[in-house]
1. Output the number of residues of segment 227-259 satisfying the condition of being among the hydrophobic types (A, V, I, L, M, F, W, C), at pLDDT below 95 and buried (at least 17 other Cβ atoms within 10 Å of the Cβ).
2. Taking the options Leu168, Leu142, name whichever one is over 16 Å from the mean Cα position of the chain (by Cα), of a type in the set (A, V, I, L, M, F, W, C), buried (at least 17 other Cβ atoms within 10 Å of the Cβ) and part of a helix (DSSP H, G or I).
3. Since Glu38 meets every condition but one in (1) at pLDDT 90 or above; (2) outside any helix (DSSP H, G or I), which condition does it not meet?
4. Within segment 145-156, how many residues turn out to be touching a residue at least 12 places away in the same chain (Cβ under 8 Å) and part of a helix (DSSP H, G or I)?
5. Just a yes or no: is a residue in segment 174-187 of a type outside the set (Asp, Glu), part of a helix (DSSP H, G or I) and over 30 Å from Leu255 (Cβ atoms)?
6. Could you give me the residue pairs with C-beta distances under 6 Å whose first residue belongs to segment 1-18 and is of a type in the set (Gly, Ala, Ser), whose second residue is modelled with pLDDT of 90 or more and in a helix (DSSP H, G or I) wherever it lies, and which are 6+ apart or on separate chains?
7. Which pairs have Cβ atoms under 8 Å, sit 6 or more apart or on different chains, and link a residue in segment 97-115 that is under 18 Å from Ala180 (Cβ atoms) to one that is among the charged types (D, E, K, R) and in a loop (DSSP other than H, G, I, E, B)?
Amino acid sequence: MTVALRLLADRRRALVWWTVAVASLVLFTVSLYPSLKEQASIDDLVAGLPETVRTMVGYQAGVPLTSPAGFLHARLFATLLPVLVLVLGIGAGARAIAGAEEEGALEPMLANPVTRRRVAAERYAAVLVQLVIVVGAFAIALVVMGPMFGVLEDISPPALAGACAALLGLALIHTTLAFAIGAATGRPGPAVAVSAAVAVTGYLMQNLLTADGAGGSVRGFSPWSWYLDGNILADGPSMVALWGPLPLTAVLFTLGVVRFCRRDLR
């Protein structure tokens, strides 16, 4: 695992800042909860909004925004947190092969007695470790700070763990897409652009298409729909949110590595 450890060592300072950032986000968010939990008028206001707007703010029918599950889902899991984790994952995935190749660091690495397949697999594994570290730091920060403000009441540890696992699944798809495009083309720019476009399109499909009729059928193809199928803290993530990303990720990773092993370096 020398290749993976090298990449993690190169990214250690960035990881420290990422963990500080998510911990700060948790502290800022949970500190707002005591001032909002008694405001029943907020639920009445949101309930009267159009369905699209309610979806975009993370509101789920039957789960008040003033409840711990409703508050955390709307403020973190359905909005800010996925954006942060996707930014990290897409950027790291695009840089894993394509970034090193563009900087001229990949060719000297391959001059050592290692195969391209091993380099790709280890650098991809290092990217996944970065995702796990940041999401784990978020979970730890929430477990430590949440009880201080009563924001984890009625939320069980398995529910919180399942929500974090579903978040990782969502990030895994887009991260692997960025990795695969970067490995196949040697260009980080297109890898980031395409993966970000897929993420934004999926988010818009989830929020703008109605749940009924043809719109609901199309929306069902989006990983965002798998992830946001109900309140993941109150109801738990769906099985497709937990397991659906795995075969899709395996296909993307395989295609990227096969193309990387066959093409000439830039």
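1. The qualifying residues number 6.
2. Leu142
3. Status for Glu38: all satisfied but (1).
4. 4
5. No - not one qualifying residue is present in segment 174-187.
6. So the pair list comes out as Ala4/Glu122; Ala4/Ala125; Ala4/Ala126.
7. Every condition considered, the pairs that remain are Ala98/Arg187; Glu101/Arg266; Glu102/Arg187; Glu102/Arg266.
Yes or no, residue by residue, for (1) closer than 27 Å to Val198 by Cβ; (2) surrounded by fewer than 18 Cβ atoms within 10 Å (Cβ to Cβ); (3) within 23 Å of the chain's Cα centre (by Cα); (4) not aromatic (Phe, Trp, Tyr):
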position: Phe77; (1), (2), (3), (4): yes, no, yes, no
position: Pro82; (1), (2), (3), (4): yes, no, yes, yes
position: Ile90; (1), (2), (3), (4): yes, no, yes, yes
position: Ala94; (1), (2), (3), (4): yes, no, yes, yes
position: Glu101; (1), (2), (3), (4): yes, no, no, yes
position: Gly104; (1), (2), (3), (4): no, yes, no, yes
position: Met109; (1), (2), (3), (4): no, yes, no, yes
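The values are calculated or read from the model by the stated rules, or taken from the named source; none is laboratory data. Bear in mind the structure is a predicted one, so any value in this text is a computation, not a measurement. Because the Cβ atoms are built from the backbone with ideal geometry, glycine has one as well, and the counts that use them run over all protein chains shown.
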